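Worksheet for the structure shown next.
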Amino acid sequence: MRVLGIETSCDETAAAIVERDDQGNGRILSNVVLSQIDDHAPYGGVVPEIAARAHVEVLDRLIGQALHEAQMTLDDVDAVAATAGPGLIGGLIVGLMTGKAIAMAGQKPFYAINHLEGHALTPRLTDRIDFPYLLLLVSGGHTQMVLVKGLGDYERLGTTIDDALGEAFDKTAKLLGLPYPGGPEVEKAALLGDPDRFTLPRPLKGEERLDFSFSGLKTAVRQLATTLEPLSQTDVNDICAAFQTAVADTLDDRVSRSLMRFRQSFPNVEDPALVVAGGVAANNVLRGCLQDLCSANGFRFIAPPMALCTDNAAMIAWAGAERANRTPPDSLDVAPRSRWPLDMQSVPLIGAGR
Ligand code: ATP
Ligand code: MG
Ligand code: FE
């Protein structure tokens, strides 16, 4: 089964072809991603209208390129999968309509995929991992701890009550005069900084619930930066180091509680695993901290290759391939949804309300 995947929910336009054999082995035949970072950089964040227009301009070409790299034509595609949400509505419309049109013209089954489900199922493509497992999704738009119990069976254990973690990195960078996207800049500066000069808050640390909160941390950075004005390079480096240390410490607390919760829910799973996904998973300090935490608690730590941690269409194609033959295809009346919690799987139809 070969599936064409399309992803346009945020600031990456992406198309991919993924194959899944009868034993459940996955193979990526092509995976094309075009980031719009340069289009949005002057504004310090993603501008929805610019994103939607950029998707329209390049999507056809990217699908052609994905087919070409896989040495296929549309006739060789067995099914089409496109992200239907959550995300920016303009971009979602572009990808979803394109996917439906291709499916209808070629009379192929169509799957409307939840973007978060794409992230959640990626380790089954790269590492052949069995259900259940834990997923920590940390990106620019999401911060969630998800119990992945089975295909279409997801339980959100915790989520951010304010900013996403990537967003906190981006806003902190902006406050300190560092360019967008801020995550890699903060990590670089932190390497040169003294993590002990300042102490920043650890929001929700020690609390029983498994949620996250990062806006207080960002506010503390703003206050600290104001008292230090004008900021020297050393100040910036030290604040970044303090910020990253606070984030690592917070994640450590929140994630270790989630590992315990997993053990309670599934005491008989012999090889428990934590998977990390999202752009923030590129951060080496945070990766190291999660790795240590997993080793100490007897969990396998899985970080898919970076290109599959950030937004891509291979994960959307794979989610479609996992669903094919096991759940019926979706109707071509499926509506895009800017909000779509992962634990609510059914897709409403156009006209049925959002
Ligand atoms: P989504 O819709 O999945 O939330 P997104 O485009 O916002 O999509 P990604 O592309 O997965 O998210 O990741 C981008 C985020 O990752 C940005 O907020 C960026 O700052 C952050 N990031 C990237 N590299 C690093 C790093 N080294 N350290 C911390 N954060 C990072
Ligand atoms: Mg992105
Ligand atoms: Fe994503």
Open item on the list: Relative contact order of region 131-306, please, whole-number percent, based on alpha carbon pairs below 8 angstrom and at least 6 residues apart.
Closed with: 26 percent
Open item on the list: Which one, G206, G183, N284, is farthest towards the positive end of the dipole of region 131-306 when Lys and Arg carry +1 and Asp and Glu -1 on their Cβ?
Closed with: G206
Open item on the list: Taking θ = phi - 60°, what integer Hz values does the Karplus form 6.51 cos²θ - 1.76 cosθ + 1.60 yield along region 43-55, in sequence order, with x for Gly and Pro?
Closed with: 9, x, x, 6, 9, x, 5, 5, 4, 4, 5, 5, 4
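Using mean Cβ contacts within 10 Å as the protection proxy, how do 175-183, 13-21, 85-93 order, highest first?
Details: 175-183: 19.2, 13-21: 24.8, 85-93: 22.7.
Sorting 175-183, 13-21, 85-93 by mean packing, highest first, produces 13-21, 85-93, 175-183.
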Task: Estimated dipole of region 131-306 in Debye, rounded to 20 [Cβ of Lys and Arg +1, of Asp and Glu -1, Cα centre] - done: 260 debye
TODO: Treat every Asp and Glu Cβ in the chain as -1 and every Lys and Arg Cβ as +1, leave all other atoms uncharged, and give the resulting dipole magnitude about the Cα centre to the nearest 20 debye.
DONE: 560 debye
- [ ] Within region 170-256, list the GluC sites (Glu not before Pro) lying in a DSSP loop whose Cβ has at most 12 other Cβ atoms in a 10 Å radius.
- [x] E207, E208
TODO: Run down the lysines and flag those whose C-alpha is under 19 Å from the C-alpha of K205, throwing out any fewer than 8 positions away in its chain.
DONE: K218
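Placing unit charges on C-beta atoms (Lys and Arg positive, Asp and Glu negative, everything else neutral), compute the dipole magnitude of region 92-209 about its Cα centre in debye, rounded to 20.
I would put it at about 340 debye.
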- [ ] With runs of 4+ DSSP H residues as the only contributors, calculate the mean residue ellipticity of the chain at 222 nm using -39,500 (n - 2.57) per run, divided by the residue total and rounded to the nearest 500.
- [x] -14000 deg cm²/dmol
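Share of antiparallel DSSP beta bridges in the chain, in percent to the nearest 5?
Among the beta bridges of the chain, antiparallel pairing accounts for roughly 60 percent.
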TODO: Can you spot the lysines whose alpha carbon is less than 21 Å from K108's alpha carbon? Ignore those fewer than 8 places along the same chain.
DONE: K100
Open item on the list: Between H68 and E155, what is the label-point separation in nm under the 7 Å Cα-to-beta-carbon projection?
Closed with: 4.8 nm
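Read-outs throughout are calculated quantities, based only on the coordinates presented, and are distinct from any laboratory measurement. Only a predicted model underlies this, so the values are computations on that prediction, with no experimental measurement involved. Here Cβ is always computed from backbone atoms with ideal geometry, including for glycine, and neighbour counts include all displayed protein chains.
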